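Asks: Dropping a structure here in structure tokens format, bear with me for questions.
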Amino acid sequence: MYKLRGHHLFCLLGYRGMGYSQEYVENMTRLHQALRENPKTLIELVKGPDQLCEKYPNTGDYHCQDANLYERDAVILEKMGLHIGQKLKWEDIESQIQKHVIPTDIQTVCSTCHWRSYGVCEEGIQEILDGKGLREVK
């Protein structure tokens, strides 16, 4: 079982092998690949830093404790009808995305994220809506 915070549910959709450091990318790729290969993998939704944050590079201010991220986590979970402490399969998270999320939600929900400008998160949401699952990361 993986522990994930709210906004990382969207980050996984847009993940294309880029990240904050080599260690972060390796960790994110491992988790992404596990979910892609086995959508029945259990996820526990947590408040605050999760298993992806564990590999965020130590560059001074700890990005993963930023108040904006906690707010983004809450907005995303509420939008998807999910809550902290809930345990569910990744395929159930994809189902909630199909029911409650559209690609343009990224523009408002993730308005302060610097990764938003790449457009990959909207593409990732559309692929989930189309029933394709997570995109392969090469």
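Asks: Looking at GLU122, GLU127, can you tell me which residue is farther than 18 Å from LEU4 by Cβ, crowded, with 19+ Cβ neighbours inside 10 Å and of a type outside the set (Ser, Thr, Tyr)?
Replies: Working: GLU127 fails: crowded, with 19+ Cβ neighbours inside 10 Å.
Being farther than 18 Å from LEU4 by Cβ, crowded, with 19+ Cβ neighbours inside 10 Å and of a type outside the set (Ser, Thr, Tyr) holds for just one of GLU122, GLU127, which is GLU122.
Asks: Of all the residues that make up the stretch 25-54, how many are crowded, with 18+ Cβ neighbours inside 10 Å and either in a helix (DSSP H, G or I) or not charged (D, E, K, R) (or both)? Step through it out loud before you land on a result.
Replies: Within the stretch 25-54, the first condition is being crowded, with 18+ Cβ neighbours inside 10 Å, and the residues that meet it are 27-28, 31-32, 35, 43, 45-46, 50-53.
Subset that is either in a helix (DSSP H, G or I) or not charged (D, E, K, R) (or both): 27-28, 31-32, 35, 43, 45-46, 51-53.
Number of matching residues: 11.
Asks: Oh, and also: Which residue pairs have Cβ atoms under 9 Å apart, sit 6 or more places apart or on different chains, and have a first residue in the stretch 21-41 that is of a type in the set (Phe, Trp, Tyr) and a second that is in a loop (DSSP other than H, G, I, E, B)?
Replies: Listed by first residue and then by second, the contacts come to TYR24/LEU52; TYR24/TYR56; TYR24/PRO57.
Asks: Just one of the numbered conditions (1) surrounded by 15 or more Cβ atoms within 10 Å (Cβ to Cβ); (2) not in a helix (DSSP H, G or I) is not true of SER111; which one?
Replies: That leaves (1) as the condition not met.
Asks: With respect to ILE97, determine if the residue is hydrophobic (A, V, I, L, M, F, W, C), buried (at least 18 other Cβ atoms within 10 Å of the Cβ) and touching an Asp or Glu at 6+ places or on another chain (Cβ under 8 Å).
Replies: Working: hydrophobic (A, V, I, L, M, F, W, C): yes; buried (at least 18 other Cβ atoms within 10 Å of the Cβ): yes; touching an Asp or Glu at 6+ places or on another chain (Cβ under 8 Å): no.
For ILE97, the condition - hydrophobic (A, V, I, L, M, F, W, C), buried (at least 18 other Cβ atoms within 10 Å of the Cβ) and touching an Asp or Glu at 6+ places or on another chain (Cβ under 8 Å) - is not met.
Asks: Using the structure shown, decide if ASP73 is of a type outside the set (A, V, I, L, M, F, W, C), part of a helix (DSSP H, G or I) and either surrounded by 20 or more Cβ atoms within 10 Å (Cβ to Cβ) or touching a residue at least 40 places away in the same chain (Cβ under 8 Å) (or both).
Replies: Working: of a type outside the set (A, V, I, L, M, F, W, C): yes; part of a helix (DSSP H, G or I): yes; either surrounded by 20 or more Cβ atoms within 10 Å (Cβ to Cβ) or touching a residue at least 40 places away in the same chain (Cβ under 8 Å) (or both): yes.
So ASP73 fits the description; yes.
Asks: OK, next. Find all pairs meeting these conditions: Cβ atoms under 8 angstrom apart; at least six residues apart or on different chains; first residue within the stretch 113-138 and over 12 Å from ARG36 (Cα atoms); second residue of a type in the set (Phe, Trp, Tyr).
Replies: Short answer, once both residue conditions are applied: VAL120/TYR15; CYS121/PHE10; CYS121/TRP115; GLY124/PHE10; GLY124/TYR15; ILE125/PHE10.
Asks: Looking at LYS99, LYS89 in this structure, which one is farther than 27 Å from GLN22 by Cα and touching a Ser or Thr at 6+ places or on another chain (Cβ under 8 Å)?
Replies: Values: LYS99 fails: touching a Ser or Thr at 6+ places or on another chain (Cβ under 8 Å).
When all the criteria are applied, what remains is LYS89.
Asks: Of the residues LEU12, LEU77, LEU35, LEU4, which single one is in contact with a strand residue (DSSP E or B) (Cβ under 7 Å, 6 or more places away or on another chain), within 16 Å of LEU134 (Cβ to Cβ) and modelled with pLDDT of 95 or more?
Replies: Details: LEU12 fails: in contact with a strand residue (DSSP E or B) (Cβ under 7 Å, 6 or more places away or on another chain); LEU77 fails: within 16 Å of LEU134 (Cβ to Cβ); LEU35 fails: in contact with a strand residue (DSSP E or B) (Cβ under 7 Å, 6 or more places away or on another chain).
Among LEU12, LEU77, LEU35, LEU4, only LEU4 is in contact with a strand residue (DSSP E or B) (Cβ under 7 Å, 6 or more places away or on another chain), within 16 Å of LEU134 (Cβ to Cβ) and modelled with pLDDT of 95 or more.
The values are calculated or read from the model by the stated rules, or taken from the named source; none is laboratory data. Just so we're clear, the structure is a prediction, and the values are computed from it rather than from any experiment. Every residue, glycine among them, receives a Cβ derived from its backbone with ideal geometry; neighbour counts consider all protein chains shown.
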